[in-house]
Amino acid sequence: MSSGNKFGFGPLDADPAAGKRKRSVGPMGAAVREAAESLQEATEAKVEQRRQNAQDAKDFRAAQDEGRLLVDIPLEEIKTSDLPRDRLELEAVAASDEMEELKSSIQQRGQKEPVEVYLDDAGRYQLKKGWRRFTALSQLRAETGEDRFASIIARVEKGQGARLDRYVDMVEENVVREDLTFAEMAQVAITAAADPAIDEIDPDAMVPRLYGSLHKMKRSYIRSFVFLLCALGDDLKWPKDVARNLGVDVARALKNVEGATALRADLAAAQDRAAQNDILAKFVEASKKKPAADKPAAAPREKFEFHVGNMKVTARKGECRIVSPDDFASVPRAQLEKAIRAFEEALGKGNPRVTSL
């Protein structure tokens, strides 16, 4: 018996090869762990989704406030009465071949470009930009009765936009596309100057405010047509058909509004566009053939100088100065007086005072 302890047996020797006891996760534990991990992932995804939703809502409100959102508005809710159009002869434009082409495009491919509208003081949508698209859809709705043409995609101006900015927005697209004539651009300036909500009453001064992005030469052409339309009024029945150069030449020949009386009488009798332009062309030609007597005499020069031989002559009112390297004091008086008398007789005038140096 071992004396190692009172029970009569010694300690068991541990197996050195045996490792630590391994604990394995049972089915229930694995399920709990998977549920916990799944819950954590779901929570993180929800947090991220909420963050994204908050950002999307913020971006949406910003786009809405800045008028960058596109909305679908029934055609009958949009008016065109507040802002004058930038086109002359609207009925002719509405019935033109170009309008039919636009209608065909919309019918086949839908409306690709939005119009722009704003809210007037009564809270109604007013058309600012896109009259041709609005007219094309209105005609398609009337012709086909299809619901897809009953509304229009639009961008809504937010806040109280400046009246002048609305005029600029209206013409901007067509000016860039060169879709407006100089007469139409001039008419916009005249109409805007007459608008009581705008602080400019001079149509000529309105041109750079409306068309500041255009080259100065184009603005000059528009000014010529502003003068032309103001001078000739309704007697110029077809202003869109007046070519740029002809309009500029007529404006230059008129000089002032008062000089347009006879021309207006001739234009009032014009039966068609060709007759109108013929009258304008003849007016320009007649202005070029006016006798020289009708032109104001050129103002006399204060002085002029020239040379005769080695003498420099300076002439001005009441005086003729001769500068020469010769010594006139050495010339006999009688000879000098004879020369001066010959000079006076050649001029056929007064008694010039001659100073010699």
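The values are calculated or read from the model by the stated rules, or taken from the named source; none is laboratory data. Quantities reported herein were computed from a predicted structural model and do not represent experimental measurements. Neighbour counts run over all protein chains shown; Cβ positions are idealised from the backbone, glycine included. Side chains included, ligands, DNA and RNA excluded: accessible areas come from the protein's heavy atoms. Shrake-Rupley method; radii C 1.70, N 1.55, O 1.52, S 1.80 Å.
Rolling a 1.4 Å probe across the protein heavy atoms gives segment 237-289 an accessible surface of 58 Å² per residue. Once the Cβ-Cβ distance of ARG244 and CYS320 is raised to the sixth power relative to R0 = 51 Å, the FRET efficiency obtained is 0.50.
Sequence-ordered 3J(HN,Hα) estimates for segment 137-153 from the Karplus curve with 6.51, -1.76 and 1.60 and θ = phi - 60° stand at 5, 5, 5, 4, 4, 5, 7, 9, x, 6, 5, 5, 9, 8, 9, 9, 7 Hz, glycine and proline given as x.
Atom-type composition of the exposed protein surface of segment 164-249 places 49 percent of the accessible area on carbon and sulfur (1.4 angstrom probe).
Normalised per residue, the accessible area of segment 36-155 is 62 Å², obtained with a 1.4 Å probe and no contribution from ligands, DNA or RNA. Structure shown: which of LYS216/LYS288; LYS79/LYS240; LYS79/LYS237; LYS129/LYS216 lie over 32 Å apart, alpha-carbon to alpha-carbon? Table pairs above 32 Å Cα-Cα: there are none. What residues qualify as long-range amide H neighbours of CYS320, i.e. H under 5 Å apart, gap of 5 or more or another chain, H built at 1.01 Å from N? Result for CYS320 returns ARG353, THR355. In angstrom, the C-alpha Rg and Dmax of segment 125-197 are 14.7, 41. A simple spin-label model places pseudo-atoms 7 Å from Cα toward Cβ; at ALA162 and VAL308 they are separated by 6.6 nm.
Would you work out if segment 240-279 is rounded, prolate or oblate? Take a ≥ b ≥ c from the square roots of the eigenvalues of the alpha-carbon gyration tensor; rounded if a/c is under 1.5, else prolate when a/b is larger than b/c, oblate otherwise. Oblate. A crude spin-label estimate for the pair ALA30 and GLN108, with each label 7 Å from Cα along the Cβ direction, gives 6.4 nm.
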